[in-house]
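Written below as structure tokens is the structure these notes are about.
Values in this text are rule-based calculations from the coordinates and carry no lab data. Computed from a predicted model, the values in this text were never measured in an experiment. Cβ placement follows ideal geometry from the backbone for every residue including glycine, while neighbour counts extend to all protein chains displayed.
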Amino acid sequence: MIELAASILAADFAHLADEVALVELGGATLLHVDIMDGHFVPNITFGPPVVKALRPITKLPLDCHMMVDNPDNFIQDFAEAGADMMSVHQEVCRHLHRTLQQIILHGMLPAVVLNPATPVDTLIEVLPMLHHVLVMSVNPGFGGQKFLPLALDKIAHLAELREEMGLNFRIEVDGGVAHDTVAQVVEAGADMLVAGSAIFSPGKTEQNAVEFLKIARAAGSVQVA
Ligand code: DX5
Ligand code: ZN
């Protein structure tokens, strides 16, 4: 199933509930929530109170992307706030297996994120635990950056490993995914598509989502045939 995970980083924060309603109408089935701490990435966003505020206003699963140095410290807070999925960066987790166990224990779906420079093979041992792998197609920290094509080989490599290992984790991609780049990421094997600046735009948000999904699903059906 190909899904749009709308990244609220690009939304109008003064009207967040309206923005969420619009992407939902446009067909988004996940809300991607970018948590940044000003240390792991050079930017700050939001924390558990925003997740808690989002929880009652949407049925969409909240997909929390932890761009923080110490995600272990926040697992409980985000679980209690209502996060459904938590993805942690491979680059900051010294005891990645333990962190994933904790995420599972707190009732969230576990995922690992790979920066552009981090090899896929660093995850082989934990792949059986994962709900999804998030492949960054920009260096994390900001919306609106240009898509890095090196992500395509990593997505394809993950899809091959999934097949070889008989697993069913999903493959998410994040950064610069837009109407002109989404077909190639779907063809490479991604099926959870994070998009922020390509979707949120005053007066056009719902239509942007509809058109984005149309392109993505067309690319997906070509792949199946
Ligand atoms: C970047 C974030 C992304 C960001 C994507 O560090 O992880 O989720 O919102 O934004 P766009 O879709 O504008 O590249
Ligand atoms: Zn993200």
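Summed over all non-identical Cα pairs, the Kirkwood treatment of the chain gives a radius of 17.3 Å. Got a sec? Which residues in segment 5-20 would a label at Phe142 touch, if it sits 7 Å along Cα→Cβ and we count backbone N under 13 Å? Within reach of a label on Phe142: no residues. Simple spin-label estimate for Arg55 and Ala17 gives 1.7 nm between the two label positions (7 Å along the Cα-to-Cβ direction from each Cα).
Given R0 = 25 Å, the distance between the Cβ atoms of Ala117 and Ile44 translates into a calculated FRET efficiency of 0.65. Projected label points at Asn168 and Asp180, each 7 Å from Cα along the beta carbon direction, are separated by 3.8 nanometres. Ignoring trypsin sites (Lys or Arg not before Pro) that are buried or in helix or strand per DSSP, and keeping those with at most 12 other beta carbon atoms within 10 Å, what is the longest stretch of the chain between them? In short, 147-225. Among complete DSSP H helices in the chain, those whose alpha-carbon atoms stretch at least 27 Å along the helix's long axis and whose mean Kyte-Doolittle hydropathy reaches -0.5 are 205-224.
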